[in-house]
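Enquirer: Sending over a structure as structure tokens; questions will come in a sec.
The values are calculated or read from the model by the stated rules, or taken from the named source; none is laboratory data. Only a predicted model underlies this, so the values are computations on that prediction, with no experimental measurement involved. All Cβ positions, glycine included, derive from the backbone under ideal geometry; neighbour counts span all protein chains shown.
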Amino acid sequence: MGEEKNNLIKYQLRAIETAKFNLAIPQIKLEEGQIAEINYHINPAVKYIVKDDLILITISVRGYVKQTDQTLLDAENVFVYYAINLKDHLELSEKEKTYKFKNVVDEGLIITLIGLSVSTMRGIIFEKSKGTILQFSPMPIINPSTFIKKKD
């Protein structure tokens with residue numbers, strides 16, 4: 001048997017940049033022992049800066065009180081990942097004007113990076129919201145593949 005070459009994309013987190021982080025005072029009046037139900041809208045966006053071998057994952061989170069629809073949290077962080085030789089793994093789709101991975105196996109990298117970014121965002125929000133009603137309703141754990149559109 002010949003020696004298999006490992007062509008997995010190697011990456012590392014380079015930076016986390018806070019684009020916004022806003023917490024509001026809840027308008028809901030809670031009885032003692034009652035906990036506000038917090039719903040979260042989590043929206044990841046992916047951008048490639050191919051010439052610099054960078055993948056930017058932006059995670060936007062809106063947390064709101066289910067009972068009143070009041071927004072308590074409006075946060076957005078940009079996670080900057082360096083991917084070695086990224087340009088060798090992507091091709092530009094002229095029709096859609098987007099980058100696509102040449103190898104279908106590499107598409108799993110984006111799911112992994114979204115998962116890492118959402119998980120890290122959960123920790124950042126948990127830490128920054130200590131002492132608020134958000135600390136009792138942390139962001140849910142979500143399978144990151146649910147954020148990826150499936151091709152029919």
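Enquirer: Restricting the range 90-118 to residues that are free of Cβ contacts under 8 Å to residues at least 12 places away in the same chain and of a type in the set (S, T, N, Q), which is farthest from LYS47 (Cα to Cα)?
Expert: SER93
Enquirer: When you look at ALA45, is it without any contact (Cβ under 8 Å) to a residue 60 or more places away in the chain, among the small types (Gly, Ala, Ser) and over 20 Å from PRO144 (Cα atoms), yes or no?
Expert: no
Enquirer: Quick check on this structure: which one of LYS100, LYS87 is farther than 23 Å from ALA15 by Cβ, at pLDDT below 95 and not aromatic (Phe, Trp, Tyr)?
Expert: Result of the check over LYS100, LYS87: LYS100.
Enquirer: Taking the range 8-61 only, how many residues are at pLDDT below 90 and of a type in the set (S, T, N, Q)?
Expert: 2
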